[in-house]
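Chemist: Have a look at this one before I ask anything.
The values are calculated or read from the model by the stated rules, or taken from the named source; none is laboratory data. Source: prediction; values computed, not measured. All Cβ positions, even for glycine, are placed from backbone atoms using ideal geometry, and neighbour counts span all protein chains on display.
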Amino acid sequence: MAKRPISNVTLSNRKWALGYTIAGALLFLIYQFLLPWNGLPDGIYRGVYQWMPPAAVNESLVYVIMALGLNIVVGYAGLLDLGYVAFWAIGGYCAGWFMSEFFYFLNIHFFGSVGLDRPGIHINFWMVLIIGGFVCALFGVLIGAPTLRLKSDYLALVTLGFGEIIPQVFFNGENFFGFNISNGTKGIVIVDPIPVGVKNLGPFDFGWKLLIFILLAAVMVFISLRLRRGRLGRAWLAIREDELAASMMGVPLMRTKLASYAVGAFAGGLGGVAFATHVNGVYAERFNFAISIFLLAMVVLGGMGNVWGVILGAFVLSWVNGTGLVAFGKTFNSQFGTNIDFASFTFLLFGLVLILMMLFRREGFLPESRLKLVLNEDELDTASEAKKAKK
Amino acid sequence: MTNVLEAKDVSVAFGGLLAVNSVDFNIPEQSVVSLIGPNGAGKTTFFNVLTGLYKPSAGSIQFNGRDITDLPPHKIASIGIARTFQNIRLFGLMTAQENLLVAMHSHLKSGITSTILRTPKQRREELAAEAKAQEILDFVGIGKWTHEFARNLSYGDQRRLEVARALALDPKILLLDEPTAGMNPQESQVFVDFVRRLVKERDLSVMLIEHDMKVVMSVSERITVLDQGEKIAEGSPEQIKNNPRVVEAYLGKAKS
């Protein structure tokens, strides 16, 4: 069998994958071994805690996982989804239901990480990850089936609706047709620790959890890249390019779009379960509309359709939003004796960044090579025309 | 000669407007048939009915003895009716090869899991598909552009790529919507030869919508003329040339 020559895309992906592995390993080593080290100078220790506290890094990685999922829907298939937070919520509640004492009247254990005498459902974290992923994928199909018949703006509006409805259902879920499905505003507190063979990871094992989140994001990258090159990824791209032509070339639109929703939602489920173990609980008010927009901004600013850009976008944006701005404000205020509340400028900053990006770099930090081509075309055209004129 | 496609009594109404009015149309095996008529006669609408984009308000369409009137477009495409578009509609940001592979979508089988795991079967399938894509690209004469983005190809090559993409569906019928638009006489002549080669070598029938009468007359075995949604004439190029109703539709009535 003839061997296929390695394409440039594959080569660049390999480079990035190597970079991702090194960066991930470094982060893990820093947070697992360097920070707890007694010989670490106090200044470095405090610097890290101010600028990149472990909890914030972990949360950023949850955003990375989610953004990678949204990238499949928005970046690959070109379907604008403004309600992606719904999958985050569903994934989160999967963790809440299957890994806590929430269903206190039951006593179901399945390789769980707590004692058999504890009430509730306690299923192994790794299985809950998969369950959460598939439950979300199922909901992706259920939500997608009626909505995906709509196009562009209309689709966006309906997804926005679902993004509001599902968190609201959980928010008011204390009495869902007579059942308590979410504990309402009180939330589901304390989910089981993550079992990793030798031990269970408690709420403060940031380093190991970070490693797990890095691995989950890597799994999503792997899935994204593999699917992208295959039959389904091509069909997604074709739909993004020209829906009508795609259907005329034998691509079933509904099925293909539903597949993108399902795979995207699967990542949402992973992220939701991861987030629940990260904050050690599930709280309905955390799943608000702003997160959907925030995730979308990560995908767009990072570089739609390019997983590496999306990872960068998600990490940077969630870091700025979570700690970067606050830490900068603290330093700035103590340096200049001012008293400016920098955290309140978050939206101003994001607005500014979005405008600047749209003006100077529409394709995002690290764009997909194809998109770069089309988004810069006007300028290329004018440039070549100017050249001609000179001649 | 048997017919691959038989459209009976097909009508299409947009609100009160009858765009196509009870048209009968057959496509025999391995033949070249043309559909002509003045602008707005309903030619492209009729095309769109055959490919499932519009549903006829009356009438039925049979393909190889199977009723396809109510099938969705992607099914119709996958069972063997492929088309090109009047204004080129390639997937511009995909390479020539990818354009063809998209068209093979319905013939490939690998699913989500086998793609993620990249099973040997999936890899074999992909390689075979790529080889077939290359064969088709060579056939239409743009074999050197395999990995070029479709939008970067020249106009003529984009037209070829559209035909290649349609061929990747393994069609029994190829519908070409004004394929020579924007071509000069030499290019049109090359195209006529190409159509003949298509029919002979790839075992299919071609249906043309065309305005270039030279092309139509030299390549078609049968010509159908539509005017204001109605079939006003059908026959060999000779018969059509001398049909007074056709002349009238194109040039207007002679003063008496």
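Chemist: In this structure, is B:S34 touching a residue at least 24 places away in the same chain (Cβ under 8 Å), among the hydroxyl-bearing types (S, T, Y) and buried (at least 21 other Cβ atoms within 10 Å of the Cβ)?
Modeler: yes
Chemist: Still on this structure, please answer the following. Name the residues in segment B:85-106 that are within 9 Å of chain A (Cβ to nearest Cβ) and either at pLDDT below 90 or not in a helix (DSSP H, G or I) (or both), would you?
Modeler: Hits for segment B:85-106 are B:F85, B:R89, B:L90, B:F91, B:G92, B:L93, B:M94, B:M104.
Chemist: Residues of segment B:221-254 being within 30 Å of B:A168 (Cβ to Cβ) and not in a loop (DSSP other than H, G, I, E, B), which ones?
Modeler: Answer for segment B:221-254, where residues must be within 30 Å of B:A168 (Cβ to Cβ) and not in a loop (DSSP other than H, G, I, E, B): B:R222, B:I223, B:T224, B:L226.
Chemist: Can you tell me which residue within segment B:135-153, out of those that are away from every other protein chain (no Cβ under 14 Å) and more than 21 Å from the chain's Cα centre (by Cα), is surrounded by the most Cβ atoms within 10 Å (Cβ to Cβ)?
Modeler: That would be B:W145.
Chemist: Starting from segment A:71-88, take each residue that is at positive phi and list its partners that are in a helix (DSSP H, G or I) and surrounded by fewer than 24 Cβ atoms within 10 Å (Cβ to Cβ), counting only C-beta distances under 6 angstrom and pairs at least six apart or across chains.
Modeler: What qualifies is A:G78/A:R240.
Chemist: Here's something else I'd like to know. Check B:K109 against each of (1) facing chain A (nearest Cβ under 9 Å); (2) in contact (Cβ under 8 Å) with a residue 24 or more places away in the chain and name the one condition it does not meet.
Modeler: (2)
Chemist: Here is a list: A:F275, A:F266, A:F315, A:F328. Which entry is at pLDDT below 90 and among the aromatic types (F, W, Y)? Steps first, please.
Modeler: Numbers: A:F275 fails: at pLDDT below 90; A:F266 fails: at pLDDT below 90; A:F315 fails: at pLDDT below 90.
Answer to the check: A:F328.
Chemist: Right, something else. Do you know which of the residues in segment A:218-244 that are free of Cβ contacts under 8 Å to residues at least 60 places away in the same chain and of a type in the set (V, I, T) is nearest to the other protein chains (Cβ to nearest Cβ)?
Modeler: A:I223
Chemist: How about segment B:121-220: which helices (runs of 4 or more DSSP H) wholly inside it have at least 2 residues that are β-branched (V, I, T)?
Modeler: B:185-202, B:213-219
Chemist: Can you tell me which condition A:N180 does not meet? The list is (1) of a type outside the set (F, W, Y); (2) surrounded by fewer than 16 Cβ atoms within 10 Å (Cβ to Cβ); (3) under 30 Å from B:P120 (Cα atoms), and all the others hold.
Modeler: (3)
Chemist: Now for a separate question. Go through segment A:135-182 and give me each residue that's outside any loop (DSSP other than H, G, I, E, B), of a type in the set (S, T, Y) and more than 21 Å from the chain's Cα centre (by Cα).
Modeler: Correct list: A:T147, A:S152, A:Y154.
Chemist: Output yes when any residue across segment A:32-55 is under 17 Å from A:G309 (Cβ atoms) and without any contact (Cβ under 8 Å) to a residue 24 or more places away in the chain, and no when none is.
Modeler: For segment A:32-55, residues under 17 Å from A:G309 (Cβ atoms) and without any contact (Cβ under 8 Å) to a residue 24 or more places away in the chain: absent.
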